[in-house]
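Q: Input: one structure, supplied below.
The values are calculated or read from the model by the stated rules, or taken from the named source; none is laboratory data. Computed from a prediction, not measured in an experiment: that's the story for all the values here. A quick note on method: Cβ atoms are made from the backbone with ideal geometry, for glycine too, and the neighbour counts reach across all protein chains shown.
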Amino acid sequence: MSDGIGARVARKEDKRFITGKGKYTDDIRMENQAYAAFVRSPHAHARVTGIDASAAEAMDGVIAVLNGQELTGDGIGNIICGWAVTSKDGSPMNMGAWSALATEKVRYVGDAVAVVIAETQALARLAAEAVDVAYEELTGVAFADAALAAGAPQIHDNAPGNLIYDWEIGDQAATDAAIAGAAHVTELQVTNNRLSPNPMEPRSAVATFDESEDHYTLYTTSQNPHVARLVLSAFYQVAPEHKLRVIAPDVGGGFGCKIYIYPEEITCLWASMKTGRSVKWTSDRTEAFMTDAHGRDHISTAKMGFDASGKIVGFGVDTIANFGAYMSLFSSAVPTYLYATLLSGQYNIANIHCNVRGVYTNTVPVDAYRGAGRPEACYLIERMLETAAREMGMDPADLRRKNFIDSFPHETPVIMTYDAGDFAGNMDKAQAAADVAGFAARKAEAAGRGKLRGLGYSAYIEACGIAPSAAVGSLGAGVGLWESAEVRVNPVGTIEVLTGSHSHGQGHETTFAQIVADRFDLPIENIQIVHGDTDKVQFGMGTYGSRSGAVGMSAIVKAMDKVEAKVKKIAAHVLEAAEDDIVIEGGEVKVAGTDKAMGWHEVGLSAYTAHNLPDGMEPGLKEGAFYDPVNFTFPAGCYIAEVEVDPETGVTEIVQFTAADDFGNIINPMIVEGQVHGGVAQGIGQAMLEQVVYDHTGQLITGSYMDYAMPRADDVPSYTIEHNTTVCPNNPLGIKGCGEAGAIGAPPAVINAITDAIGTNDLQMPATSQAVWTAIQAAKTPMAAE
Amino acid sequence: MTDVTMVVNGKAVQRSIDDTTLLSEFLRENLRLTGTHVGCDTSQCGACVVHVNGRAIKSCTALAASLDGAEVTTIEGVANGKELHPMQRAFNVHHGLQCGFCTPGMIMAGIDMVNRYQASGQPLTEATIRHELEGNICRCTGYHNIVRAIEDAAQQMDGMSKAAE
């Protein structure tokens, strides 16, 4: 099977993209289509005291100007966070009301106040400018620590002191005692910089209300169209589920920020009902910076204690997480169950405690962005290990090896049970590929050119394949995190797979087809993957958290098990043989050891003609399955960055980047490597370039690509990728997931390398040339830093 | 309104358009050639790159009315019938795309880059490819495979131009 599991199959979906025939939401044009433009708050925090839309309404071609009073008056519900996290005192989280169009108060720059529906996009935008909103300005606050301080502006009435929750995990007393008795304690304060996900396709929605059927259709840029339909229906009361079709066609990247259901989709659906027109909205890039959920933005203080031999005895962490102005869909889980539960890293640590305070600020809502909590955990641990090694005069690789978990399953003190891994093996592979042995010579050679060369490690672990439904339910999740599949064998033997996963760049149309081609020994051309349309596909949970392989493909395997069983029954009946003797290979269904065989397509045809089926068997050959994982999966790896810094300018170049990942079994290595490349580039972006900047009052400074530094081709190197495989014991394909690893593992490797090069630890992300230069100068003249 | 005539992908087109219509809008909305994408508002991302009179430009930054008489090639026009352009093929073979949104601009920029370097006789190294891609942003691939695709396509395009001599 040349196109089966393990083959580097070129992607089936590429043809439409390389010929300009992809169909993204903004490419869709409905009959009778009008355009929406949003009137957005220029203030971070203000009361809305009046909206005068008369000038806009008088403009030729303006169809309607609608506001939040009308929206809530029509019964459209508030936007919710779907994961209930409970504070350590037992109180529920303080979720403030979020209306798709603000009614009384705006809480961040970009908060939508009204919407204009007009005949053209240009006219809609012009008319939005003409809507006169009267504001009473209030003091805003952008930073989480400032929002917690006494006297800070109060953002939501039901969240005193802007505190959403005060949550903890682990044993504080035991951890404090272990650190108090440690031979060495390393203390660290780190900021995990706020990022904007920036998929290249801006968000877009086209909503159509069909009055004759009382039915809505929404084309939208979603990673999870069924979840969107459920939430739009059950919580926002836009339409009952059976009267709402959500289609996520080709989607140009997601990285988390296309999981959530935003004010714009809700408003477009409602406006299409109000106006009797199809309503299209497409974000421009500035709107994307102002409205797409941001990621990260943690401030953490941590202590790690070591015994005299360098073994970690305790790890205590205090984190403040900036949530922005409202609680986005999964926001509560990111700095808790996706972050603090990973604070054991790859290390055997008996005592861990983490306290997390979630805080409202007058900024864009913050939610999951590629990695979601796990990059923040990894960055903290790996900066800690590196710093401790330097303080204790140990080799940073040796310190890690001394503390690696080396037997599985391993239960951490922060509720995770790692199922399999080979952390030392990952490091061996990375060190060999990066030629760590030759580093000293390279460093000396670079010094001769006036450059500072540094090497940095990161040994990351993450929890993917989210997640066992009962487990996440017990932790407050409002949904189950299983996945669904249906495998349809057609009468001619070709196969359609309907998957609840959604591909927005991950290559599912190829990878998923490979496991089917492999299982039934069929040409990959005969297999079609169908996704992204709630009218075509059964309910599915969608794609995020590196779950489509471990969970989505496991559902396909489960459905294929059922198909195979039926195929064997039919063939055994027709060929007059025992089921156990039937084998499927080479496009045939055969009796092993004989020349008796049917073509695969003949079995399909037999199932549908139903002329000669076993007694009592239903016609047809179509099987569905829901797969609920039994555990998280635990991809892990070792990354090594090597950098050269120009001490005169701070300009830093990554001269070598090596990734050795353990993703379990791999279906398509080409696609998996591509996921690592992209993830690492985003991680390098976080480490060296990217930062959403607000001033302290909540004015957004980085509103375009002129201000927000996206990684470009000459900011990143070519990457060296290695794989070290331990099979995941908990799913049928033995796979772990690969989508987020690069973004999780890369940032600490880069910062550890730069700080190694410049010889000072005092450097925060993003390590721009200016930041690096400043750190070098501060280290030279200690007084200047004070 | 202004009457504009262009040759787009080898076909003469004529439309009456608003003076403020950008070339990207003209292609996407007036001609419904939606392969040309718009990913930013500041001429930074390059998803909208097309060829005008044989040179790569950002179609989001050109007024269609100013291009009367121009010859325009978009992503829909680079293949020779059913035969893909070597740059298109190379992006597929080397996995130079994931979500596909930046891809049309990358391919159009890549073709232009190879043509310019081959015309000038300058070598197209990895470093020059990375530098030349300064105006095209990709969020998915980390650029590694885009660079491999352009390197490979450059060799094939070189072979083609030599064979034609």
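Q: For region A:538-550, check the following and say yes or no: at least one residue is surrounded by fewer than 24 Cβ atoms within 10 Å (Cβ to Cβ), touching a residue at least 40 places away in the same chain (Cβ under 8 Å) and under 18 Å from A:Gly507 (Cα atoms).
A: Within region A:538-550 (the criterion being surrounded by fewer than 24 Cβ atoms within 10 Å (Cβ to Cβ), touching a residue at least 40 places away in the same chain (Cβ under 8 Å) and under 18 Å from A:Gly507 (Cα atoms)), the answer is no, since none of the residues qualifies.
Q: Right, another one. Tally time: how many residues in region A:682-727 are over 24 Å from B:Thr42 (Cβ atoms) and more than 21 Å from the chain's Cα centre (by Cα)?
A: Within region A:682-727, residues that are over 24 Å from B:Thr42 (Cβ atoms) and more than 21 Å from the chain's Cα centre (by Cα) number 13.
Q: Residue by residue through region A:662-672, note down the ones that are more than 8 Å from chain B (Cβ to nearest Cβ) and closer than 22 Å to A:Pro197 by Cβ.
A: Residue satisfying the conditions is A:Val672 alone.
Q: Same structure again: Kindly provide the set of residues from region A:597-638 that are more than 23 Å from A:Leu575 (Cα to Cα), outside any loop (DSSP other than H, G, I, E, B) and not polar (S, T, N, Q), ordered by number.
A: First, pick out the residues of region A:597-638 that are more than 23 Å from A:Leu575 (Cα to Cα): A:624-638.
Subsequent filtering for residues that are outside any loop (DSSP other than H, G, I, E, B) retains A:624-627, A:633, A:636-638.
The answer is A:Gly624, A:Ala625, A:Phe626, A:Tyr627, A:Ala636, A:Gly637, A:Cys638.
Q: Being buried (at least 24 other Cβ atoms within 10 Å of the Cβ) and on the phi > 0 side of the Ramachandran plot is the filter here, so list the residues in region A:723-750 that pass it.
A: Listed by number, the list holds a single entry, A:Gly737.
Q: Can you find, within region A:4-38, the residue that is surrounded by the fewest Cβ atoms within 10 Å (Cβ to Cβ) among those that are over 26 Å from B:Phe101 (Cα atoms) and under 29 Å from the mean Cα position of the chain (by Cα)?
A: Per the stated criteria, the residue is A:Gly6.
Q: When A:Thr755 is evaluated against the numbered criteria (1) assigned to a helix (DSSP H, G or I); (2) free of Cβ contacts under 8 Å to residues at least 40 places away in the same chain; (3) β-branched (Val, Ile, Thr), which criterion, by number, is the only one it fails?
A: Among (1) assigned to a helix (DSSP H, G or I); (2) free of Cβ contacts under 8 Å to residues at least 40 places away in the same chain; (3) β-branched (Val, Ile, Thr), A:Thr755 violates only (2).
Q: Conditions first: (1) within 10 Å of chain B (Cβ to nearest Cβ); (2) in a loop (DSSP other than H, G, I, E, B); (3) of a type outside the set (Lys, Arg); (4) under 23 Å from A:Arg400 (Cα atoms). A:Tyr705 passes all but one, so which condition is the exception?
A: Tallying (1) within 10 Å of chain B (Cβ to nearest Cβ); (2) in a loop (DSSP other than H, G, I, E, B); (3) of a type outside the set (Lys, Arg); (4) under 23 Å from A:Arg400 (Cα atoms), A:Tyr705 fails exactly one: (4).
Q: Taking the condition hydrophobic (A, V, I, L, M, F, W, C), touching a helix residue (DSSP H, G or I) at 6+ places or on another chain (Cβ under 6 Å), more than 14 Å from chain B (Cβ to nearest Cβ) and in a loop (DSSP other than H, G, I, E, B), does A:Ile5 pass?
A: yes
Q: Let me ask something additional. Restricting to region A:40-68, count the residues that are of a type outside the set (S, T, N, Q), in contact with a Lys or Arg (Cβ under 9 Å, 6 or more places away or on another chain) and closer than 23 Å to A:Gly703 by Cβ.
A: Residues meeting the conditions: 4.
Q: Do we find that A:Gly473 is more than 14 Å from chain B (Cβ to nearest Cβ), surrounded by fewer than 22 Cβ atoms within 10 Å (Cβ to Cβ) and part of a helix (DSSP H, G or I) in this structure?
A: On the way: more than 14 Å from chain B (Cβ to nearest Cβ): yes; surrounded by fewer than 22 Cβ atoms within 10 Å (Cβ to Cβ): yes; part of a helix (DSSP H, G or I): yes.
Here the answer is yes, as A:Gly473 does meet what is asked.
Q: What number of residues within region A:476-525 satisfy the criterion of being within 16 Å of A:Gly587 (Cα to Cα) and not in a loop (DSSP other than H, G, I, E, B)?
A: Total meeting the criteria: 12.
Q: If you don't mind, there's one more thing I want to ask. Would you confirm whether any residue within region A:495-503 is under 30 Å from A:Lys622 (Cβ atoms), of a type in the set (A, V, I, L, M, F, W, C), in contact with a helix residue (DSSP H, G or I) (Cβ under 8 Å, 6 or more places away or on another chain) and touching a residue at least 40 places away in the same chain (Cβ under 8 Å)?
A: Keep residues of region A:495-503 that are under 30 Å from A:Lys622 (Cβ atoms), which gives A:495-503.
Filter once more, so that each one left must be of a type in the set (A, V, I, L, M, F, W, C): A:495, A:497-498.
Narrowing the set further to residues that are in contact with a helix residue (DSSP H, G or I) (Cβ under 8 Å, 6 or more places away or on another chain) leaves A:495, A:497.
Then keep just the ones that are touching a residue at least 40 places away in the same chain (Cβ under 8 Å); that gives A:497.
There is at least one residue in region A:495-503 that is under 30 Å from A:Lys622 (Cβ atoms), of a type in the set (A, V, I, L, M, F, W, C), in contact with a helix residue (DSSP H, G or I) (Cβ under 8 Å, 6 or more places away or on another chain) and touching a residue at least 40 places away in the same chain (Cβ under 8 Å).
Q: State which residue is nearest to the other protein chains (Cβ to nearest Cβ) when the search covers only region B:122-165 and only residues that are hydrophobic (A, V, I, L, M, F, W, C) and touching a Phe, Trp or Tyr at 6+ places or on another chain (Cβ under 6 Å).
A: Here the residue is B:Ala149.
Q: Which number in (1) farther than 17 Å from A:Gly507 by Cβ; (2) within 7 Å of chain A (Cβ to nearest Cβ); (3) small (Gly, Ala, Ser) marks the one condition that B:Gly110 misses?
A: Against the list (1) farther than 17 Å from A:Gly507 by Cβ; (2) within 7 Å of chain A (Cβ to nearest Cβ); (3) small (Gly, Ala, Ser), B:Gly110 comes up short only on (2).
Q: Output the residues belonging to region A:711-722 that are surrounded by fewer than 21 Cβ atoms within 10 Å (Cβ to Cβ) and within 7 Å of chain B (Cβ to nearest Cβ).
A: Those that are surrounded by fewer than 21 Cβ atoms within 10 Å (Cβ to Cβ) and within 7 Å of chain B (Cβ to nearest Cβ): A:Asp714, A:Ser718.
Q: Then there's this: How many of the residues making up region A:496-507 are within 11 Å of another protein chain (Cβ to nearest Cβ) and either under 21 Å from A:Val227 (Cβ atoms) or out of contact with any Lys or Arg (no Cβ under 6 Å at 6 or more places or on another chain) (or both)?
A: 4
Q: Can you find a residue that is crowded, with 21+ Cβ neighbours inside 10 Å, under 28 Å from the mean Cα position of the chain (by Cα) and within 14 Å of another protein chain (Cβ to nearest Cβ) anywhere in region A:150-160?
A: Taking every residue of region A:150-160 in turn, none turns out to be crowded, with 21+ Cβ neighbours inside 10 Å, under 28 Å from the mean Cα position of the chain (by Cα) and within 14 Å of another protein chain (Cβ to nearest Cβ).
Q: Something else now. Looking at region A:51-63, is at least one residue over 18 Å from A:Phe209 (Cα atoms), of a type in the set (Val, Ile, Thr), away from chain B (no Cβ under 14 Å) and out of contact with any strand residue (DSSP E or B) (no Cβ under 8 Å at 6 or more places or on another chain)?
A: No, that holds for no residue.
Q: Identify, by number, the condition in (1) more than 17 Å from B:Asp152 (Cβ to Cβ); (2) part of a helix (DSSP H, G or I); (3) touching a Pro at 6+ places or on another chain (Cβ under 8 Å); (4) of a type outside the set (Gly, Ala, Ser) that B:Tyr117 doesn't meet.
A: Going through the list (1) more than 17 Å from B:Asp152 (Cβ to Cβ); (2) part of a helix (DSSP H, G or I); (3) touching a Pro at 6+ places or on another chain (Cβ under 8 Å); (4) of a type outside the set (Gly, Ala, Ser), B:Tyr117 breaks only (1).
Q: What's the number of the condition B:Ala119 fails, among (1) within 7 Å of chain A (Cβ to nearest Cβ); (2) among the hydrophobic types (A, V, I, L, M, F, W, C); (3) surrounded by fewer than 17 Cβ atoms within 10 Å (Cβ to Cβ)?
A: So the condition that B:Ala119 fails would be (1).
Q: Can you pull out the residues in region A:343-364 that are hydrophobic (A, V, I, L, M, F, W, C) and either in a strand (DSSP E or B) or closer than 19 Å to A:Ile179 by Cα (or both)? Break it down into steps so the answer makes sense when it comes.
A: Step one: of region A:343-364, the residues hydrophobic (A, V, I, L, M, F, W, C) are A:343, A:349-350, A:352, A:354, A:356, A:359, A:364.
Listed by number, the residues that qualify are A:Leu343, A:Ile349, A:Ala350, A:Ile352, A:Cys354, A:Val356, A:Val359.
Q: Any residue that is of a type in the set (A, V, I, L, M), over 27 Å from B:Thr141 (Cβ atoms) and in a strand (DSSP E or B) - is there at least one of those in region A:639-651?
A: No: region A:639-651 contains no residue that is of a type in the set (A, V, I, L, M), over 27 Å from B:Thr141 (Cβ atoms) and in a strand (DSSP E or B).
Q: Here's something else I'd like to know. Report those strands (runs of 3 or more DSSP E) wholly inside region B:1-104 carrying at least 2 residues which are within 14 Å of chain A (Cβ to nearest Cβ).
A: Counting at least 2 such residues, we get B:49-52, B:71-73.
Q: What are the residues in region B:122-150 that are surrounded by 24 or more Cβ atoms within 10 Å (Cβ to Cβ), in contact with a strand residue (DSSP E or B) (Cβ under 9 Å, 6 or more places away or on another chain) and in contact (Cβ under 8 Å) with a residue 24 or more places away in the chain, if any?
A: Within region B:122-150, just B:Asn136 meets the criteria.
Q: Have a look at A:Val238, A:Val190, A:Val231, A:Val227 and point out the one that is more than 14 Å from every other protein chain (Cβ to nearest Cβ), in a loop (DSSP other than H, G, I, E, B), in contact (Cβ under 8 Å) with a residue 24 or more places away in the chain and surrounded by 21 or more Cβ atoms within 10 Å (Cβ to Cβ).
A: Checking each option against the conditions leaves just A:Val238.
Q: If only one of A:Val516, A:Val487, A:Val583 is over 20 Å from A:Ile735 (Cβ atoms), away from chain B (no Cβ under 14 Å) and modelled with pLDDT of 95 or more, which one is it?
A: On the way: A:Val516 fails: over 20 Å from A:Ile735 (Cβ atoms); A:Val487 fails: over 20 Å from A:Ile735 (Cβ atoms).
None of the others qualify; the one that does is A:Val583.
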